[in-house]
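Engineer: I am attaching a structure below and will ask some questions about it afterwards.
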Amino acid sequence: MITKDGRFAYEAAGDPGAIPLIFLHGIGGAARSWRQQLATFGSSFHAIAWDMPGYGGSAPLASVSIAALADALQQFIEQLGATRPIVVGHSIGGMIVQQWLVQFPKLARAVVLAQTSPAFGKADGDWQRSFIAARLGPLDRGETMRSLAPSLVKELVGDDPDPRGMELARACMGSVPEASYRAMMLALIGFDQRSTLKDISVPALLLSGSKDNNAPAPMMAKTATYIPGAEYVELAGVGHLANLERPDAFDAALGRFLDSVTTKA
């Protein structure tokens, strides 16, 4: 589906009159990476997964930054007419949610920060430089997203991932436009919302995987302590792609949180 302004492509399931539940994918993802979650939660919510700008059928941004992506998220929400959505952000999607909460603090019913971080560190830090170089170097040397997808996905996952989920993860990663992948990687540099965590005033679930090297569980557990009333859940044996690696465990954890949020509402 496409929004009325033609800018955003998305997939959706459920009653458009139900509570909006919006899923934001990571750098190697796509709207379709959330298909099991749309199937699981479409019976109770208006479950929606966007293609981030520059992905799938969504138009790229003229200039990519986390702030610009947060503005794009707000425009997407307005196009859908989604009132008081619950927003689930994975990886860079979780960074976009954090930035969106700063810019629009009162609009969410609740948020889920899945396998994400409140900061990417200093723009000139050695760790940041080596992280970017490790991911963009192979493209500089002539590899393609399609050729890199199997190894990139393998590095991200934990123990015994679901085979169908891995097939979908490789398909999503392999079809990310190279320009979008590069732009999103560079948009991470300098991201830092650590000082605003204390201002998050809506119910929040922080969801980690014990084998996640990109958003390590101890860091996420610590982050949760800075958000008033946040709930923290760690999925054992899971790497960075929880909703694809262990979709049933991910859906169970998300479902419990959604139940707690909607029964209080």
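Engineer: Take residues that are open to solvent by less than 60 Å² (accessible area, probe 1.4 Å) and touching a Ser or Thr at 6+ places or on another chain (Cβ under 9 Å) and tell me which of the helices (runs of 4 or more DSSP H) falling wholly in the stretch 103-190 contain 3 or more.
Structural biologist: 163-174
Engineer: Additional query: Cβ-Cβ distance below 7 Å, separation of 6 or more or different chains: which pairs start in the stretch 242-263 with a residue that is closer than 12 Å to Ile86 by Cβ and end on one that is open to solvent by 10 Å² or more (accessible area, probe 1.4 Å) and not in a helix (DSSP H, G or I)?
Structural biologist: The qualifying pairs are Phe257/Glu231; Val261/Arg109; Val261/Pro203; Thr262/Ile19.
Engineer: Would you check which residues across the stretch 57-69 are open to solvent by 10 Å² or more (accessible area, probe 1.4 Å) and under 14 Å from Ser180 (Cβ atoms) and list them?
Structural biologist: Gly57, Ala59, Pro60, Leu61, Ala62, Ser63, Val64, Ser65, Ala68
Engineer: Taking only the stretch 30-49 into account, find how many residues are touching a strand residue (DSSP E or B) at 6+ places or on another chain (Cβ under 9 Å) and either of a type in the set (Lys, Arg) or touching a residue at least 40 places away in the same chain (Cβ under 8 Å) (or both).
Structural biologist: Here the count works out to 10.
Engineer: Something else now. Just the residues that are in contact with a helix residue (DSSP H, G or I) (Cβ under 8 Å, 6 or more places away or on another chain), surrounded by fewer than 20 Cβ atoms within 10 Å (Cβ to Cβ) and farther than 16 Å from His90 by Cα, please, taken from the stretch 211-230.
Structural biologist: If the condition is that a residue be in contact with a helix residue (DSSP H, G or I) (Cβ under 8 Å, 6 or more places away or on another chain), surrounded by fewer than 20 Cβ atoms within 10 Å (Cβ to Cβ) and farther than 16 Å from His90 by Cα, then Tyr226, Pro228, Ala230 are the ones that fit.
Engineer: Got at least one residue in the stretch 70-90 being in contact with a Phe, Trp or Tyr (Cβ under 9 Å, 6 or more places away or on another chain) and surrounded by fewer than 16 Cβ atoms within 10 Å (Cβ to Cβ)?
Structural biologist: yes
Engineer: Right, here's the next one. Residue check: is Ala62 in contact with a Pro (Cβ under 7 Å, 6 or more places away or on another chain), more than 21 Å from Met220 (Cβ to Cβ), outside any helix (DSSP H, G or I) and not charged (D, E, K, R)?
Structural biologist: Considered against the rule, which asks whether it is in contact with a Pro (Cβ under 7 Å, 6 or more places away or on another chain), more than 21 Å from Met220 (Cβ to Cβ), outside any helix (DSSP H, G or I) and not charged (D, E, K, R), Ala62 comes out as no.
Engineer: Kindly list the number of the only condition in (1) farther than 23 Å from Arg246 by Cα; (2) open to solvent by 10 Å² or more (accessible area, probe 1.4 Å); (3) over 15 Å from the mean Cα position of the chain (by Cα); (4) touching a residue at least 60 places away in the same chain (Cβ under 8 Å) that fails for Leu197.
Structural biologist: (2)
Engineer: I would also like to ask the following. So which residues in the stretch 60-81 are closer than 22 Å to Gln193 by Cα and small (Gly, Ala, Ser)?
Structural biologist: Ser63, Ser65, Ala67, Ala68, Ala70, Ala72
The values are calculated or read from the model by the stated rules, or taken from the named source; none is laboratory data. Here the structure is a predicted model, which is why all the values come from computation and not from measurement. In this analysis, Cβ positions are derived from the backbone assuming ideal geometry, glycine residues included, and neighbour counts consider all displayed protein chains. Quick note on the areas: whole protein, heavy atoms, side chains included, nothing else; ligands and nucleic acids left out. Shrake-Rupley method; radii C 1.70, N 1.55, O 1.52, S 1.80 Å.
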